[in-house]
Each structure stands twice: as structure tokens, then as C-alpha cells.
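A quick write-up on the structure given underneath.
The values are calculated or read from the model by the stated rules, or taken from the named source; none is laboratory data. It should be emphasised that the depicted structure is a prediction, and the values quoted were computed from it without experimental measurement. Here the Cβ positions follow ideal geometry from the backbone for every residue, glycine too, while neighbour counts run over all protein chains shown.
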Amino acid sequence: MRETMRSRRRGMSLLEITIAIGLLGSGFLMVIGLFPSSVSALKKGESLVLATELTQREMERVRNTPYAAFAPYSFDESLSLTASGGQVSRVFQVSVQDAGERIAGRLREVVVMVSWREGSAMRYVKMGTLVSSSLK
């Protein structure tokens, strides 16, 4: 009789196993639920990287343009990036504007803005610089 009581204490009951499986399953489902939001954040980050690179490229173009030859311009550019989450393709609107600020008659403020649509929201990256007539 002592041995039957000992053997009953050593094992786990069906109820304990069912509860353990339920807890593990719900934990697993919570972790799986994080994946869609991670993919969405990854795509937003990739778009931001593309827009920032495009903004920097246009800023360099502005810096290399002679002061007297600068004229505002804008254009659309479609860029794609292939990453682990698939291919991200966006159409960016690039606008390079003279901000109208003249400082001491020799400096001109130039603003480069890249915008794109992400779902229903408009996103943008904006950079500004001063261009000097004495350096060109």
C-alpha cells in the first residue's frame, strides 16, 4: 500500500498536463502575434532609410551647384529595396526649394524635402543647408 501512494505522488495528473499545455500554447500565440507588427515596423524603417538616402543625395547635388545657377526643382522617383521581408517599393516626391532666406546677402537657405505615402499617412524627411555665394 505504501508503494502505490508513492507512485501516485511521483507522476503528474492529466489536469496538470492540460494546464501546462494551455499555458505554453497561449505563450506561443502571444509571441506569434508580435510578427505582423515587426514586419510593419521593418517596412516603415526601410522606407525611411530610402528617403533619407535620397534626401542626402539631393542635398549633395545642391551643395555642388554654383550659387548663381541654383533654381528650385522637384521630381518623383521610384525606389525599391529587397530585404528579408520582401520587396519594398515606394514612389518618393522630391522637392528642392529656395527658402527665401538671405543672410548678409551672401547666404541662401535651401531645403530638400522627400515625401511618400505610407498607408493613409504622408511621411517626409526634410533637410536644410546654407549655400554661400563666396564659396562657389
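At-a-glance table
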item: Checking Glu77 against (1) surrounded by 14 or more Cβ atoms within 10 Å (Cβ to Cβ); (2) touching a residue at least 24 places away in the same chain (Cβ under 8 Å), the condition it does not meet; result: (2)
item: Cβ-Cβ under 7 Å pairs, at least 6 apart or on other chains, the range 121-133 side without any contact (Cβ under 8 Å) to a residue 12 or more places away in the chain, far side part of a strand (DSSP E or B); result: Met122/Ser115
item: Pair list, Cβ under 6 Å, 6 or more apart: the range 28-45 residue part of a helix (DSSP H, G or I), other residue surrounded by 10 or more Cβ atoms within 10 Å (Cβ to Cβ) and not β-branched (Val, Ile, Thr); result: Val39/Gly85; Leu42/Gly85
item: Condition met for Glu101 (in a strand (DSSP E or B) and at pLDDT 80 or above); result: no
item: Residue match in the range 10-21 (condition: of a type outside the set (Lys, Arg) and touching a residue at least 12 places away in the same chain (Cβ under 8 Å)); result: no
item: Within the range 66-98, considering residues that are within 30 Å of Gly119 (Cα to Cα) and assigned to a loop (DSSP other than H, G, I, E, B), the one modelled with the highest pLDDT; result: Pro72
item: Number of positions in the range 46-64 that are free of Cβ contacts under 8 Å to residues at least 60 places away in the same chain and farther than 21 Å from Val91 by Cα; result: 1
item: Some residue of the range 52-65 being modelled with pLDDT of 85 or more, at negative phi and among the β-branched types (Val, Ile, Thr); result: yes
